[in-house]
Amino acid sequence: MKLKRFLLRYYPPGIILEYEKGGYLRTKSIDLLDLTPECVNELLAEIRQSEPLITESRAVQVKQLILRLQQKQGERDHHRFCFFKRLKAHILPLTNVAFDKSGSRFITGSYDRTCKVWDTASGTDLHTLEGHRNVVYAIAFNNPYGDKIATGSFDKTCKLWCAETGKCFHTFCGHVAEIVCLAFNPQSTLVATGSMDTTAKLWDVETGEEVATLTAHTAEVLSLCFNTVGNQLVTGSFDHTVAIWDVASGRCVHTLNGHGGEVSNVQFNWDCSLIVTGSMDKTCKLWEAVSGKCVATLVGHKEEVLDVCFDLSGQLIASASADGTARVFSATTHQCLVTLEGHDGEISKICFSPQGSRILTAGSDATARLWDVQSGVCLQVLEGHTDEIFSCVFNYEGNTIITGSKDNTCQIWY
């Protein structure tokens, strides 16, 4: 094994090692999720002990990288977002918005049966992806690569597109009801689709062939998520259960029972150890990925939990509810740290900024709101939409926001 170079990853903090083994170029990552301003030398000693590729001659370089990560982490986030552009994106309401890794392009799905690719800096329409015969509901870039786009439709198919040219590579046929969620695996070799037909399917990106049908649920699959390694997939269903799948074999490893209502969202934390689920039973649950054991039930919402997510470090959980509030919980103590109050109506989407210091929420009151994670104070109200906002995303750097609304427009904020 020969170390070729280091790559720095700011969010979440980590160092990527690019090395040669058996004539092939490979990568592995050293995750520094608990990085603090102190302890550089201890951390360096720890890394050297556990990673044989880091020899004494490379130690100084690694120390410099750790210091750069600490410096980046120490930068205060005072960014105030300004309205940049409103895009009359589609002739019918939007369903979802998603960024590529760099944030230079984003995509919008719509009830008008198309997906559009946009240039973020200028707000220009680069491509219209046409071919679906019904609503385009689930959309994604194959980040971090960003050269492919997957679209899942109510026409029961998923299509794979070239992000550069807008050409359709494959149409994945096999589901017998609407596709409502999808995701690329981290290696961008597979697409997972979840459907109202109670199944999830895995598809080969290269060949367009179906790899596996995942059958464990008795009702619609509403959400799914790969872990960051790509060896496990989690699915959440209308049947109140969550399933953990071994991706290589397509086998259901655990069925997680405990929710008393349909499961609205599922997500792994960065280090793949925990899964968080949100449900219409007004709670979130935290599960061990290896054992499938429920480690905590996060309570406090008075109505359905519509969305839930981890921050990139995996230390915090945010939930959004139909009761008009959002909550931030500790992933270790399971305590509610702050309640975010201010929306007039339900909150359908929630996400952390890459830095983890801000939370973005989308509401039925036609506003998106930016919150301080520590204090729970509302820092900004992003106004301008005339109908419910159901999609909001940060780019990778956390300095651009896209909001998507039922008013058929999306707005870019810098």
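The values are calculated or read from the model by the stated rules, or taken from the named source; none is laboratory data. It should be emphasised that the depicted structure is a prediction, and the values quoted were computed from it without experimental measurement. Note that each Cβ is placed from the backbone with ideal geometry, even for glycine, and that neighbours are counted across all protein chains shown. Each accessible area value is taken on the protein alone, full model and side chains, heavy atoms only, with ligands, DNA and RNA left out. Shrake-Rupley method; radii C 1.70, N 1.55, O 1.52, S 1.80 Å.
Observations
- Matching entry among T207, T213 (being open to solvent by 40 Å² or more (accessible area, probe 1.4 Å), farther than 19 Å from T95 by Cβ and in a loop (DSSP other than H, G, I, E, B)): T207
- When the residues of the range 120-134 are filtered to those that are touching a Phe, Trp or Tyr at 6+ places or on another chain (Cβ under 9 Å) and in a strand (DSSP E or B), the one that is farthest from I149 (Cα to Cα) is D125.
- Meets criteria (open to solvent by less than 20 Å² (accessible area, probe 1.4 Å), under 21 Å from S391 (Cβ atoms) and among the hydrophobic types (A, V, I, L, M, F, W, C)) for I347: yes
- Identity of the residue in the range 298-322, in contact (Cβ under 8 Å) with a residue 40 or more places away in the chain and open to solvent by 20 Å² or more (accessible area, probe 1.4 Å), that ends up farthest from the chain's Cα centre (by Cα): E303
- Scanning the range 280-297 for residues that are buried (at least 17 other Cβ atoms within 10 Å of the Cβ) and on the phi > 0 side of the Ramachandran plot yields a single hit, K282.
- Of the candidates I107, I91, the single residue that is of a type outside the set (D, E) and part of a strand (DSSP E or B) is I107.
- Residue in the range 18-33 that is touching a Phe, Trp or Tyr at 6+ places or on another chain (Cβ under 6 Å), within 21 Å of S353 (Cβ to Cβ) and not charged (D, E, K, R) present: no
- Counting residues in the range 172-193 that are open to solvent by 30 Å² or more (accessible area, probe 1.4 Å) and not in a loop (DSSP other than H, G, I, E, B) gives zero.
- Residues that are of a type in the set (S, T, Y), surrounded by fewer than 22 Cβ atoms within 10 Å (Cβ to Cβ) and touching a Ser or Thr at 6+ places or on another chain (Cβ under 9 Å) within the range 229-256 comprise T241, T255, listed in sequence order.
- Residue that is within 19 Å of N185 (Cβ to Cβ) and in contact with a strand residue (DSSP E or B) (Cβ under 7 Å, 6 or more places away or on another chain), where the choices are A219, A200: A200
- Being within 22 Å of Y19 (Cα to Cα), polar (S, T, N, Q), open to solvent by 60 Å² or more (accessible area, probe 1.4 Å) and outside any loop (DSSP other than H, G, I, E, B) is a property that does not hold for Q71.
- Per the listing Q411, Q380, the residue uniquely under 25 Å from D112 (Cα atoms) and modelled with pLDDT of 95 or more is Q411.
- Any hit, the range 125-136, residues being in contact with a Leu (Cβ under 7 Å, 6 or more places away or on another chain), under 20 Å from K406 (Cα atoms) and at pLDDT 95 or above: no
- Condition check for H78: assigned to a loop (DSSP other than H, G, I, E, B) and touching a residue at least 12 places away in the same chain (Cβ under 8 Å): no
- Restricting E18, E46 to those that are out of contact with any helix residue (DSSP H, G or I) (no Cβ under 8 Å at 6 or more places or on another chain), assigned to a helix (DSSP H, G or I), under 27 Å from N269 (Cα atoms) and open to solvent by 20 Å² or more (accessible area, probe 1.4 Å) reduces the list to E46.
- Of all residues making up the range 221-250, the number that are in a strand (DSSP E or B), aliphatic (A, V, I, L, M) and touching a residue at least 40 places away in the same chain (Cβ under 8 Å): 7
- Residue that is most open to solvent (accessible area, probe 1.4 Å) [pool: residues in the range 24-42 that are among the aliphatic types (A, V, I, L, M) and under 27 Å from P186 (Cα atoms)]: L25
- Selection status of T277, open to solvent by 30 Å² or more (accessible area, probe 1.4 Å) and part of a strand (DSSP E or B): no
- Only residues that are within 13 Å of W203 (Cβ to Cβ) and open to solvent by 10 Å² or more (accessible area, probe 1.4 Å) were counted in the range 141-162, giving 3.
- Qualifying residue in the range 92-115 (condition: on the phi > 0 side of the Ramachandran plot, charged (D, E, K, R) and open to solvent by 90 Å² or more (accessible area, probe 1.4 Å)): yes
- If the condition is being within 24 Å of S364 (Cβ to Cβ) and of a type in the set (S, T, N, Q), then the range 389-404 contributes S391, T400, T403.
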